[in-house]
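Taking it in order: structure first as structure tokens, then the write-up.
The values are calculated or read from the model by the stated rules, or taken from the named source; none is laboratory data. Because the structure is predicted, anything quoted here is derived from the model rather than measured. Cβ sites come from the backbone with ideal geometry, for glycine too, and all protein chains shown count toward neighbours. Surface accessibility is based on the protein's heavy atoms, side chains included, excluding ligands, DNA and RNA. Shrake-Rupley method; radii C 1.70, N 1.55, O 1.52, S 1.80 Å.
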Amino acid sequence: MKIERIRTSTSASSPPRIDDRIDSELLSEFQPVTTDEIAKLLVKSPAKQCLLDPAPTWLIKQCSDIVSPVIAAIRNASFDQVTFPHCCKKAIIRPRLKKPNFFRHKPISTTLPQSTCHVASYRPISNRSFLSKVVEKVVDVRLSDHMNRHHLLPVFQSAYRLHHSTETALARIINDMILVVDDGRVGALTLLDLSVAFDTVDHSVLTNVTRNNNNNNNNNRISIPPSVVTSESDSVCLERR
């Protein structure tokens, strides 16, 4: 496992130091969600579904006036109890070939076991239930609103921000390079590949950092409860073509 290898290689290092950003208004609680907010999220959500869904997503969207109060009650109970619903932490993993024609043009390695060679050629796609996506979206809206209102995100961050994308990042880079060249200087661009960054997040370190931040600075500050990132379960679904 990637995280286990990182733990081993950094076991002798000192714990990370996380400096607080100055925030005049601490995020001490999440505002309760309303039925109307859930209904709007259901309307905007794509009609995608998972094997874990008890009913088709299109049916849930059509019956939003009936299910919205139920989902709102589940989300508000999650806020009050500071826990993430266990049913929302299940996932169906579908392996997908990174290159569909991989085995057609490349022979199986003779130095590695056949199973190892095959597994390395697949990309796991995790599918969660429709309810879990709606529940996560409610939290995302509140966190994003707080961070944008208090300017907590880096100025040049384009990922996971409203009205930002790879296009805005490329436009900024190209504009900066043009300005440098026009000024008669030499421009250089350094790229760091973080394509698997989320796969190397140590959940125990994440929860410890937020818990220490909460205890050392303000008892009313929201911290990530361990139930959010632990006790997850998944199953692999193989399709025969």
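The shape of the range 28-107 comes out prolate: with a ≥ b ≥ c from the C-alpha gyration tensor, a/c is at least 1.5 and a/b beats b/c. Cross-link pairs exceeding 21 Å in C-alpha to C-alpha distance, out of 61/98; 61/137; 98/133; 61/133, comprise 61/98; 98/133. In this simple spin-label model, placing a label point 7 Å from the Cα along the Cα-to-Cβ direction at both residue 98 and residue 203 gives a separation of 2.5 nm.
What net charge do the residues around residue 75 carry, taking every other residue with its C-beta under 14 Å from that of residue 75, with Lys and Arg at +1 and Asp and Glu at -1? Walk me through the numbers on the way to the answer.
Numbers: positive: 40, 133, 137, 142; negative: 29, 36, 37, 80, 136, 140.
Within the 14 Å Cβ shell, the charges total -2.
The distance between label points at residue 238 and residue 34 comes to 5.1 nm (points 7 Å beyond Cα on the Cα→Cβ vector). Here the extension length gained between residue 5 and residue 45 equals 10.6 nm, from 0.36 nm per residue of separation less the Cα-Cα distance.
Ranking 192, 52 by solvent-accessible area of protein heavy atoms (1.4 Å probe, all protein chains present), from largest to smallest, gives 192, 52.
Heavy-atom accessible surface of residue 11, to the nearest 10 Å², is about 90 Å², with a 1.4 Å probe and all protein chains retained. Solvent-accessible area of residue 13, all protein chains in place: 70 Å² (probe radius 1.4 Å, heavy atoms, ligands and nucleic acids excluded).
Here the simple spin-label model places points 7 Å from the Cα toward Cβ, and for residue 151 and residue 164 these points are separated by 1.4 nm.
Keeping every protein chain in place, order 98, 61 by accessible area at 1.4 Å, biggest value first, i.e. largest first.
Values: 98 105, 61 50 Å².
From most exposed to least exposed: 98, 61.
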